[in-house]
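The values are calculated or read from the model by the stated rules, or taken from the named source; none is laboratory data. None of the values given here were measured: they were computed from a predicted structure. Every residue, glycine among them, receives a Cβ derived from its backbone with ideal geometry; neighbour counts consider all protein chains shown.
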Ligand SMILES: Nc1ncnc2c1ncn2[C@@H]1O[C@H](COP(=O)(O)OP(=O)(O)O)[C@@H](O)[C@H]1O
Ligand SMILES: [Mg+2]
């Protein structure tokens, strides 16, 4: 099986900013692959290089078997790209007209345009709204129309930048359903997201990126399993002394104090570890405010590898 995307030591600088910094990426044919990272991590820059819209400053990338630098036209013919930001001209058009306009950009033969527009509007459930203005669509409907536009020329690879950004829960699930359907039809999907749940629910494999670099790559379940079985989260006024007090306990795999001052303890079995941890806190006279435990999330994966939380970055970025 050949790789759909193969990037080696990819670099892109903007002045002194290294937006993409020695990034390796391999996406196999037929998978939904995620780029997960906080705002500013370099996701959009990476995607724009792969979509041949931006030249790398260093390294190589092949998409659908072609080099991004030497064969951009071959790549463009084979991929669909749905951008994070959409063109303001859409607001002047109906849903159907948006698709027809895109069709002319993609050189879809004129006689096929009407039928193709109908088919795609049907696919994303927008046929009943085809002749309403795009500007009057809800956020979820707009995203679904974007998705339809990305599929116009039947791409082998669909690249989606933040496909559910700003959508309500129901619309997100609908967009996810369409993405799953596409994968079933054999379309390879690369998507960028800073939503943990989106990466977790949607992706077969993902790469977590931070500051332009690969943090870790794997299936969501493998990445979470590598964190540990359970995570105990403790809020206390004295996280550092508690961290020191539990260090070296046999039930403890690893632990870290987050920027928010929460102690995260990774343990094989929370049911056994909880009383032990609380006993140590009591013996050391460290008062605990809240103690909760959860199965690991991709946020714990991010914390483990970077020492920071993805969620916090999202809020402050
Ligand atoms: N055209 C540009 N000019 C200057 N800096 C840019 C440009 N595009 C992106 N950057 C910078 O590169 C970094 C990565 O940005 P981006 O790829 O958009 O990240 P993400 O999509 O993960 O949020 C950020 O620091 C951003 O400010
Ligand atoms: Mg982006």
### Message
Considering only residues that are in a helix (DSSP H, G or I) and either surrounded by fewer than 19 Cβ atoms within 10 Å (Cβ to Cβ) or in contact with a helix residue (DSSP H, G or I) (Cβ under 6 Å, 6 or more places away or on another chain) (or both), which ones fall in the stretch 180-198?
### Response
180, 181, 183, 184, 196, 197
### Task
Could you check how many residues of the stretch 125-164 are in contact with a strand residue (DSSP E or B) (Cβ under 8 Å, 6 or more places away or on another chain) and farther than 21 Å from residue 92 by Cα?
12
### Task
Looking only at the stretch 84-95, decide whether some residue is within 16 Å of ligand 1 (Cβ to nearest atom), assigned by TED's automatic domain parsing to the domain that holds residue 166 and without any contact (Cβ under 8 Å) to a residue 40 or more places away in the chain.
yes
### Task
Report, by residue number, each residue of the stretch 279-305 that is part of a helix (DSSP H, G or I), at pLDDT below 95 and surrounded by fewer than 19 Cβ atoms within 10 Å (Cβ to Cβ).
305
### Message
So, residue 23, is that one more than 8 Å from ligand 1 (Cβ to nearest atom), in the same structural domain as residue 202 (by TED's automatic domain parsing), touching a helix residue (DSSP H, G or I) at 6+ places or on another chain (Cβ under 7 Å) and within 20 Å of residue 205 (Cα to Cα) or not?
### Response
yes
### Query
How many residues are touching a residue at least 12 places away in the same chain (Cβ under 8 Å) and assigned to a helix (DSSP H, G or I) when one looks only at the stretch 102-113?
3
### Members of the stretch 35-68 found to be more than 13 Å from ligand 2 (Cβ to nearest atom) and assigned to a strand (DSSP E or B), listed by number
58, 59, 60, 61, 62, 63, 66, 67
### Summary
A careful count of residues in the stretch 107-120 that are surrounded by 14 or more Cβ atoms within 10 Å (Cβ to Cβ) and at pLDDT below 90 gives 1
### Summary
Selection from the stretch 199-223 of residues out of contact with any strand residue (DSSP E or B) (no Cβ under 9 Å at 6 or more places or on another chain) and surrounded by 20 or more Cβ atoms within 10 Å (Cβ to Cβ) yields 210
